[in-house]
Structure formats: structure tokens, C-alpha cells
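Sharing a structure, written as C-alpha cells. Questions coming.
Derivation of every value follows stated rules applied to the coordinates shown; laboratory data play no part. Quick caveat: nothing in here was measured; it's all calculated off a predicted structure. Because the Cβ atoms are built from the backbone with ideal geometry, glycine has one as well, and the counts that use them run over all protein chains shown.
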Amino acid sequence: MAPRPDSSPIERLLERGIFQSRWLMAPFYVGLIGSLAVLLYTFVREFFNFVIHVTTANEAEVILGVLALIDLSLAANLVLIVVFSGYENFVSKIDPEGHPDWPEWMTQIDFAGLKQKLFASIVAISAIQVLKAFMNLDKMQNDRTLAWLVGIHLMFVVSGLLLAWTDRLSDESKSKIEEDKAKYGKK
């Protein structure tokens, strides 16, 4: 990209520094990869604990054990989505060449798609927490805890719906602007 002829050397230097600052995000993504290792350790520990106690567990305890494993895998998926999409959107493009099983979505999620996937994952994780609480009703100390879980879950659902609705309005607005440009010429 050639510098603008009307920009000063200081302005170009500042813009280059701002552009290069995106690399400060890379350590965040490396840290999130480390959190995947922590989630894997937790998953393996939960899995072995589940397997050891499955012969003496009742149906509800088996379902709760499986839900705990699903919860951990959804959290890991969420971290992976953030790492790939965040790096691709904010730091640098990832070259999928030479990786035959590279998922297509990894290089095609924009920021709006990332927000939607994040909220969908958060809602799913929240739903599992509510389901686990319902499965443990006999062990709950009070109804207030369950009410809070349901309320927080509903807040996530409503927030996700509002986010999807605002993204749709934004897309419609962009489409209208493009139509107007095509119809009346670029200005």
C-alpha cells in the first residue's frame, strides 16, 4: 500500500505503529490456547471420575456427568472459535493451504459471525447449567439459585436475539446503501 501523497512522515509513522499494534493481540490468543490445555486437563479428570463412578451412579448422576463433559467441550469450542476468528480478523490472515481437513468456517467468519457464534455457545453453555440445576433439584439449597440461573439464561437468550436483530438491521442498511449507490451512481 503506497503512502498517501498528502500525508506527513509523522502521520505515516503513527499509522504504521497503529497498524503494527495488532500484533499485541497475538499473546492473548496464545494464552487462550493455553486455556484449551487447562480445559483438556479438566475434561480428562472429569471423564475418569465419571468412568470410575458410572457403575454405582443412578440415571440422573450419569446424565449430569455427561452434561459436565458436554459443557467442557462447548467451552473449548468457544475458545477455539475466538482464537481462530480473532486472530484472522484482528491480527493476520491464516493460510489454510496444505491442510486438507481445514474447516471452511475458520477463514470465513467475520466479526458479526463471530459475535453470533459466541452468543450461541454462551446460550448453550448456560442452558446446560440450567439443565444441570434442574437435574439436581433435590440437592438445591433454595429456589433462589435456580431462579437466578434461569434469569441469567433468559438474559443471554434475549441478548443474543437482540444482537442478531441489530446485525440484521445493519445488513439491511448496508444493502440499501449499495442499492442506492448502484441506482444513483457512486458519490
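Work out the length of the dipole vector of the chain about its Cα centre, built from +1 on the beta-carbon of each Lys and Arg and -1 on the beta-carbon of each Asp and Glu, and round it to the nearest 20 debye.
Values: 18 positive and 21 negative charges, 131 e Å.
In total the dipole reaches around 620 debye.
Hey, with R₀ at 30 Å, roughly what FRET efficiency would Met25 and Val54 work out to, going by the Cβ-Cβ distance, to 0.05? Before the final figure, lay out the partial values.
On the way: r = 42 Å, r/R0 = 1.41.
Taking R0 as 30 Å, the efficiency between Met25 and Val54 is 0.10.
Let me ask something additional. Based on the Cβ-Cβ distance from Thr166 to Gln129, what FRET efficiency comes out when R0 is 30 Å, to the nearest 0.05?
Numbers: r = 26 Å, r/R0 = 0.86.
Efficiency at R0 = 30 Å is approximately 0.70.
Would you kindly state how much longer the chain becomes between Lys181 and Glu104 on full extension, computed as 0.36 nm times their sequence separation minus their alpha carbon distance, in nm to one decimal?
On the way: separation 77, 0.36 × 77 = 27.72 nm, distance 3.14 nm.
Extra length available between Lys181 and Glu104 comes to 24.6 nm.
Quick check for me: using +1 on Lys/Arg Cβ and -1 on Asp/Glu Cβ, what's the dipole size of segment 12-90 about its Cα centre, in debye to the nearest 20?
540
Using the charge dipole of the chain (Lys, Arg: +1 at Cβ; Asp, Glu: -1 at Cβ; taken about the Cα centre), state which of Ser175, Leu137, His153 has its Cα farthest towards the positive end.
Ser175
Could you work out the helix-only [θ] at 222 nm for the chain, with each DSSP H run of four or more residues adding -39,500 (n - 2.57) and the total divided by the number of residues, to the nearest 500 deg cm²/dmol?
Working: 5 runs with 139 residues, N = 187.
Dividing the helical sum by the residues of the chain leaves -26500 deg cm²/dmol.
While we're on this one: So how many Lys-Lys pairs in the chain land under 29 Å Cα to Cα, not counting same-chain pairs under 8 apart?
Summing the qualifying lysine pairs gives 15.
Stretch Lys174-Asp95 to full length: gain in nm at 0.36 nm per residue minus the Cα-Cα span? Don't jump to the answer; show the numbers that get you there.
Numbers: separation 79, 0.36 × 79 = 28.44 nm, distance 2.89 nm.
Working it through step by step, the gained length comes to 25.5 nm.
Follow-up. Ordered by residue, what ³J(HN,Hα) values in Hz, to whole numbers, does segment 55-68 give under the Karplus form 6.51 cos²θ - 1.76 cosθ + 1.60, where θ = phi - 60° and Gly and Pro are x?
3J(HN,Hα) across segment 55-68, in whole Hz: 5, 9, 7, 8, 4, 4, 5, 5, 4, 4, x, 5, 4, 5.
For mean projected area of the Cα convex hull in nm², the choices are [x] 17.5; [y] 10.8; [z] 15.0; which was calculated from the structure?
Step by step, mean projected area of the Cα convex hull in nm² for this structure corresponds to label [x].
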